[in-house]
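Chemist: Next up is a structure, given as structure tokens.
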């Protein structure tokens, strides 16, 4: 089911119903997705060098929330992450912001999301540096998700962490032994304290009735590539794929999701404008980075990463850039050449 058709049918109803609550970035996302791969998004004039067949080829919108776009960027990210994997076990640690904070987080997205990244990274770094746990500097890749399986607003951060760290003084890589990285309840306690302290420093009111125990999940994920592949699904292509939109009729949209507790496939049906509101709640503020590396995996830690490579006797190669898929001639299946460009909004005269 094409999301563009849903947007076109319910655009006016959405704007009318949520007037005053719609952010400029939301309308920009809607307009990008509704015009994706149409002449309104711009066109390339391509010609086949073998049979001279030529045509105008509509461009994709390139918006990071469009389910039709960014497949190339996702594949390239996976390639880069695969080339940084170390020969150790990996863990995925998930830090969740409790329900009581969701309204505050939605009203102050840039501030709260940045605070979450800061608190998660500092918590993991301090646990790693503690001699009782590891006594070394760790590296981690963190991804912000704002949705639950049902696409409700549910901010949380996944951190993919190699089970070990570098002791720079001893020039030694210490591997974490056992089936567990750190104690989940201890991580949650420190994360909670740092979030509350951060809110006080920022002058934001702490919601009433917050629970004393927060949830942090720490799961062993083998070599790490499976966890990274899972996280890559939502990096550049929005929170829902078009194949999971199973019906659009009578002004309603039905989509499929997997229930987290049972693993069963379930359906959820909403009015068209409510569905648009649901997916737009996960559009991040302009320029905000969903993916961040910390520790020896940070882009500014190349010397430390080189030390890790030396100690572990490995070489992490930068992946070659994947070539973008060529336009194929519908007549002879040869690669077509780009020989012209029509900017967005310029229709043929």
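Only the coordinates and a few stated rules stand behind these numbers; no lab work does. Quantities reported herein were computed from a predicted structural model and do not represent experimental measurements. Note: ideal-geometry Cβ built from the backbone for every residue, glycine included; neighbour counts use all protein chains shown.
Chemist: Name the residue, out of 202, 85, 30, whose mean-square fluctuation peaks in a Gaussian network model built on the chain with Cα pairs under 10 Å.
Modeler: It is 202.
Chemist: Quick check: convex hull over the Cα atoms of the stretch 95-165, volume per residue in Å³, rounded to an integer? Walk me through the numbers on the way to the answer.
Modeler: Numbers: hull volume 6.5 nm³, N = 71.
Per residue, the Cα convex hull of the stretch 95-165 comes to 91 Å³.
Chemist: Just subtract the alpha-carbon distance of residue 303 and residue 150 from 0.36 nm times their residue separation and send over the number in nm, one decimal. Working shown, then result.
Modeler: Numbers: separation 153, 0.36 × 153 = 55.08 nm, distance 4.24 nm.
This chain segment gains 50.8 nm when fully extended.
Chemist: Please state the shape class of the stretch 205-343: rounded when a/c is under 1.5, otherwise prolate if a/b exceeds b/c and oblate if not, all from the C-alpha gyration tensor. Display every interim value, and only then the final one.
Modeler: Working: a/c = 1.95, a/b = 1.05, b/c = 1.85.
Oblate.
Chemist: Still on this structure, please answer the following. Mind ranking 158-169, 175-186 by how tightly packed they are, going by the mean number of other C-beta atoms within 10 angstrom, highest first?
Modeler: On the way: 158-169: 21.7, 175-186: 14.7.
Descending mean neighbour count gives 158-169, 175-186.
Chemist: For an R0 of 25 angstrom, estimate the FRET efficiency from the Cβ-Cβ distance between residue 265 and residue 213 and round to the nearest 0.05. Kindly include the intermediate steps, with their values, before the conclusion.
Modeler: Working: r = 31 Å, r/R0 = 1.24.
E(calc), rounded to 0.05, equals 0.20.
Chemist: Build a GNM of the chain with springs between Cα atoms under 10 Å: which of 155, 98, 67 gets the top mean-square fluctuation?
Modeler: 98
Chemist: Further, regarding this structure: So what's the chain giving for Rg/Rh, alpha carbon basis, Kirkwood Rh from the mean inverse pair distance? Walk me through the numbers before you get to the answer.
Modeler: Details: Rg = 23.1 Å, Rh = 22.8 Å.
Checking Rg against Rh, the ratio lands at 1.01.
Chemist: At 37 °C and 0.692 mPa s, what whole-number value in µm²/s does Stokes-Einstein give for the translational diffusion of the stretch 263-349, with Rh from the Kirkwood sum over Cα pairs?
Modeler: On the way: Rh = 20.2 Å.
Approximately 163 µm²/s, per Stokes-Einstein.
Chemist: Quick check on the exposure proxy: order 23, 104, 228 from fewest to most C-beta atoms within 10 angstrom. Don't skip to the answer; put the middle values down first.
Modeler: Working: 23 14, 104 17, 228 23.
Lowest count first: 23, 104, 228.
Chemist: What FRET efficiency would be calculated for the residue pair residue 189, residue 312, taking the C-beta separation as r and a Förster radius of 30 Å, to the nearest 0.05? Show your work: numbers first, answer last.
Modeler: Values: r = 32 Å, r/R0 = 1.08.
E between residue 189 and residue 312, to the nearest 0.05, is 0.40.
Chemist: For the stretch 1-156, state the average projected area of the convex hull of the C-alpha atoms over all orientations, rounded to one decimal in nm².
Modeler: On the way: hull surface 59.2 nm².
Averaging across all directions leaves 14.8 nm² for the Cα convex hull.
Chemist: Right, another one. Using a Gaussian network model of the chain with C-alpha springs under 10 Å, which one of 56, 77, 214 is most mobile by mean-square fluctuation?
Modeler: Looking only at 56, 77, 214, the biggest GNM fluctuation is shown by 56.
Chemist: Please report, in whole Å³, the volume per residue of the convex hull around the C-alpha atoms of the stretch 98-215.
Modeler: Spread over its residues, the Cα hull of the stretch 98-215 gives 122 Å³ apiece.
Chemist: Given points 7 Å out from each Cα along the Cα-Cβ axis, report the residue 229 to residue 129 separation in nanometres with one decimal.
Modeler: For the pair residue 229/residue 129, the computed spacing is 3.6 nm.
Chemist: While we're looking at this one, here's another question. Counting only Cα atoms, I'd like the Rg/Rh figure for the stretch 46-110, Kirkwood definition for Rh. Can you show the working numbers first?
Modeler: On the way: Rg = 21.2 Å, Rh = 17.4 Å.
Over the Cα atoms of the stretch 46-110, Rg/Rh equals 1.22.
Chemist: So, in nm, how far is label residue 2 from label residue 339 when the simple model puts each one 7 Å beyond its Cα toward the Cβ?
Modeler: Computed distance between label sites residue 2 and residue 339 equals 2.8 nm.
Chemist: Which FRET efficiency value, to the nearest 0.05, do you get for residue 52 and residue 243 by plugging their Cβ-Cβ distance into 1/(1 + (r/R0)^6) with R0 = 35 Å? Could you put the intermediate results ahead of the total?
Modeler: Numbers: r = 36 Å, r/R0 = 1.03.
It comes to 0.45.
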